[in-house]
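Right, one structure below, let's go through it.
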2 protein chains.
Amino acid sequence: MGSRNRDIQWSAMVRRREDGAEHRPSGTPPPKPRRRPTIQDLARAAATSPSTASRALSGNGYVAADVRVRVLEAAERIGYVPDINARTLRNRTSRAVGVLISDLRNPFYATLAAGIEQRLRSAGYHVIVVNNDGEEEAEVEGARTFLAVRVSAAIVTPVSERAVRMLMDDGVPVVQADRMVDGLTSDGVLVDNVQGARRITEHLIGLGHTRIALLIDETDWTTGAGRLDGYRAALRAAGLPMDPALVVPTRFQPEAAREAVTALLARRPDVTELFAATNMLAEGAFQALQRGGRRVPEEISLVAFDDVPWMSMVSPGVTTVDQHTDDLGRTCAQLVVDRIAGSSAGHTTVKYIEPSIIIRGSTGPPRGSTVPAARPEPGPLTTSPPS
Amino acid sequence: MGSRNRDIQWSAMVRRREDGAEHRPSGTPPPKPRRRPTIQDLARAAATSPSTASRALSGNGYVAADVRVRVLEAAERIGYVPDINARTLRNRTSRAVGVLISDLRNPFYATLAAGIEQRLRSAGYHVIVVNNDGEEEAEVEGARTFLAVRVSAAIVTPVSERAVRMLMDDGVPVVQADRMVDGLTSDGVLVDNVQGARRITEHLIGLGHTRIALLIDETDWTTGAGRLDGYRAALRAAGLPMDPALVVPTRFQPEAAREAVTALLARRPDVTELFAATNMLAEGAFQALQRGGRRVPEEISLVAFDDVPWMSMVSPGVTTVDQHTDDLGRTCAQLVVDRIAGSSAGHTTVKYIEPSIIIRGSTGPPRGSTVPAARPEPGPLTTSPPS
DNA sequence: CTGTTAGCGCCTTCAA
DNA sequence: TTGAAGGCGCTAACAG
């Protein structure tokens with residue numbers, strides 16, 4: 001909070017409530033919150049007992065119809081809201097689900113979280129979100145929080161194996177999202193990275209590219225490893241040479257990717273196509289091409305993995321692999337719901353999201369290609385689906 | 001979940017844990033989670049009483065140094081994790097904060113949530129996120145959830161006044177973010193919309209624009225009203241005519257904005273500059289210009305309010321008002337922390353985030369302008385700060 | 001069908 | 001400095 005901020009005590013935009021009783025001289029301790037009505041109060045208001053009130057509210061057990069109505073009305077009248085903490089304590093199970101992700105600022109995770117939250121909310125759960133910023137410590141801390149609040153399940157995009165293991169060791173059902181810790185048996189929802197990478201690479205090969213550089217930040221997880229595998233499989237299937245120097249390692253930040261691409265282009269001017277393995281890397285690659293003044297796709301083509309909004313806004317739009325992130329999130333949530341309901345007891349389920357390819361303007365035949373472009377070069381954005 | 005998904009029971013990528021005891025024939029009910037150690041167990045393990053163990057952990061009250069050590073060690077050893085529900089029930093106060101926002105898929109809200117979560121987590125709170133999708137019902141439902149879990153405070157980007165009122169009526173401290181419900185006295189963090197809109201409009205006027213259209217989706221909240229005011233104030237100060245037909249109402253979706261812009265351009269070919277009041281509207285406006293084949297900024301300039309990633313990726317980059325959304329989020333969180341600590345007792349605080357202007361390539365002198373461009377037209381992106 | 005009882009796990013008196 | 005006791009609000013047994 002720098003000097004950008006300016007404090008004021010009162011805003012002209014906000015009118016004082018016309019309620020003199022609200023006035024409290026500064027310095028007085030804050031009013032202790034009015035005690036919330038408990039089920040005792042509700043029972044009294046409905047002229048019955050707490051247990052009957054409880055039954056009326058929950059629908060478990062017998063309650064005379066008229067009594068139920070009385071209780072419901074009373075609840076409405078006195079503004080009764082059941083205490084979830086007490087309920088959780090008593091029931092030893094909550095309607096809370098922990099969501100442990102890496103970076104809400106990254107549209108991939110934001111969309112994932114949105115899909116999860118949407119589905120879980122409609123199933124009557126609420127969501128505790130912890131961002132771990134890619135840090136193992138924060139991730140473990142998040143897992144500890146989930147244990148402490150007795151979440152009934154957790155959805156994790158793992159950074160390390162510790163958090164997932166902690167949760168599983170404590171009997172918390174875990175759904176791993178996007179990637180899975182090797183050797184831990186939990187439910188999971190993964191993207192078919194191999195297939196996605198393979199199909200988009202095939203698209204490039206079909207256009208005539210033979211020197212396709214892969215920009216990638218990790219191959220330890222199924223995400224990176226799968227994308228690398230798919231890329232290789234496509235090359236192999238097409239009988240193309242596998243030049244190890246064209247697999248370009250980088251750190252995950254756009255800046256790192258930008259530098260890596262700039263260096264690559266200087267080193268290997270023969271490269272006609274760049275495949276960025278994540279949306280962040282694609283961002284850096286795109287910037288490197290733009291700053292380097294490379295014409296896309298005439299001089300060099302670009303494809304990405306993971307469709308994020310800017311890719312359909314730029315011109316040319318970026319051809320990419322759509323992971324259906326929203327669907328990924330909803331599927332995770334559904335797995336959680338099924339697991340809690342016990343309908344998936346006895347086995348773990350790993351679902352795969354089948355990605356699809358979105359072809360935009362950033363891919364074309366390689367420069368010097370004698371193959372006429374089969375696909376007419378579209379005007380900006382016209383091949384893009386609506387974002 | 002459509003045909004894109006394919007279920008499998010087992011993934012080659014995930015190895016079975018080498019733990020035969022884990023095997024459970026399908027159909028067997030899930031193992032009841034091993035009872036978690038309670039403070040009783042901890043006391044036993046540390047050869048003391050629960051009360052002493054409690055004091056040792058919390059630091060409240062006297063505990064002999066050696067006993068404290070014993071308790072802490074035992075806690076570590078047996079994997080004791082205090083039950084937050086029990087603690088909340090007993091203490092009548094939790095470390096949970098509710099965050100009620102409109103749309104996690106919109107980078108504005110995602111960034112806001114990220115800033116909030118980050119700051120609150122480091123202050124020892126955890127966050128319950130509810131997305132309301134702009135729906136009053138969902139918002140009220142979210143507020144009810146917050147009441148039920150006894151959050152110690154809530155941060156809300158209000159959609160209606162009901163949710164905020166419900167929370168406040170129950171004594172839950174509320175920080176309203178980005179916009180405030182008129183007539184409710186809570187803490188809040190707002191952006192100085194008037195100033196931001198005014199300054200960016202002045203920038204345009206300085207370039208020589210006189211027919212500046214404002215694309216706006218609402219003027220009921222301080223956000224829209226403020227941006228409209230700032231726009232008008234700048235025109236007025238410059239002695240420019242105020243053409244009501246240049247204030248173009250639209251719904252908030254990019255598609256709506258796209259159509260509105262297309263219609264406007266047909267109707268008013270004399271417009272030289274478009275000011276989109278939100279990032280969503282800017283998206284639609286940008287697309288409309290691109291599809292319409294308008295050269296930006298030569299034929300028409302574009303500015304936005306709220307900086308989101310695509311604006312620095314496209315060429316030309318979009319000149320916009322940076323709301324410092326991350327800071328906005330952190331400031332909300334800080335207000336919550338202060339409020340809970342009681343350090344702000346006795347008054348409400350409304351903070352203002354002072355936005356700043358990011359000038360990119362989408363703004364230039366109006367067509368036919370005789371004023372030479374003072375600012376050399378930069379190459380793509382070179383005026384953009386790193387995204 | 002209803003009400004009484006007990007206890008979920010924790011923390012804070014209060015008495016020792 | 002420690003431990004015993006009680007109760008936060010809720011619901012599932014169980015007895016009426």
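Scanning the range A:321-372 for residues that are within 19 Å of A:Gly206 (Cα to Cα) and basic (Lys, Arg) gives A:Arg360, A:Arg367. If you scan the range A:36-78, which residues turn out to be within 13 Å of another protein chain (Cβ to nearest Cβ) and either loosely packed, with under 14 Cβ neighbours inside 10 Å or assigned to a helix (DSSP H, G or I) (or both)? Within the range A:36-78, A:Ile39, A:Leu57, A:Ala75, A:Glu76, A:Ile78 qualify.
Yes/no per residue for (1) farther than 30 Å from B:Ser160 by Cβ; (2) in contact with a helix residue (DSSP H, G or I) (Cβ under 7 Å, 6 or more places away or on another chain); (3) more than 8 Å from DNA strand D (Cβ to nearest atom):
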residue: B:Gly59; (1), (2), (3): yes, no, yes
residue: B:Val69; (1), (2), (3): yes, no, yes
residue: B:Ala75; (1), (2), (3): yes, yes, yes
residue: B:Ile78; (1), (2), (3): yes, yes, yes
residue: B:Thr93; (1), (2), (3): no, no, yes
residue: B:Val97; (1), (2), (3): no, yes, yes
residue: B:Arg105; (1), (2), (3): no, yes, yes
residue: B:Tyr109; (1), (2), (3): no, no, yes
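Within this structure, A:Ala288 passes the test of being without any contact (Cβ under 8 Å) to a residue 60 or more places away in the chain and within 12 Å of chain B (Cβ to nearest Cβ). The residues of the range A:179-193 that are within 20 Å of the chain's Cα centre (by Cα) and hydrophobic (A, V, I, L, M, F, W, C), listed by number, are A:Met180, A:Val181, A:Val189, A:Leu190, A:Val191.
Scanning the range B:14-69 for residues that are modelled with pLDDT of 50 or more and away from DNA strand C (no atom under 16 Å from the Cβ) returns B:Ala47, B:Ala65, B:Asp66, B:Val69. Filtering the range A:106-141 to residues that are in contact with a Pro (Cβ under 8 Å, 6 or more places away or on another chain) and at the interface with chain B (Cβ under 10 Å from one of its Cβ atoms) leaves A:Pro107, A:Ala110. Pairs linking a residue in the range A:76-92 that is within 27 Å of A:Ala153 (Cα to Cα) and touching a residue at least 24 places away in the same chain (Cβ under 8 Å) to a residue that is more than 8 Å from DNA strand D (Cβ to nearest atom) and not basic (Lys, Arg), with Cβ atoms under 7 Å and 6 or more positions apart or on different chains, are A:Val81/B:Leu147; A:Val81/B:Ala148; A:Pro82/B:Ala148; A:Asp83/B:Ala148; A:Thr88/A:Ser94; A:Thr88/B:Asn85.
The values are calculated or read from the model by the stated rules, or taken from the named source; none is laboratory data. Quick caveat: nothing in here was measured; it's all calculated off a predicted structure. Counting neighbours? That spans all protein chains shown, and the Cβs are built from the backbone with ideal geometry, glycine included.
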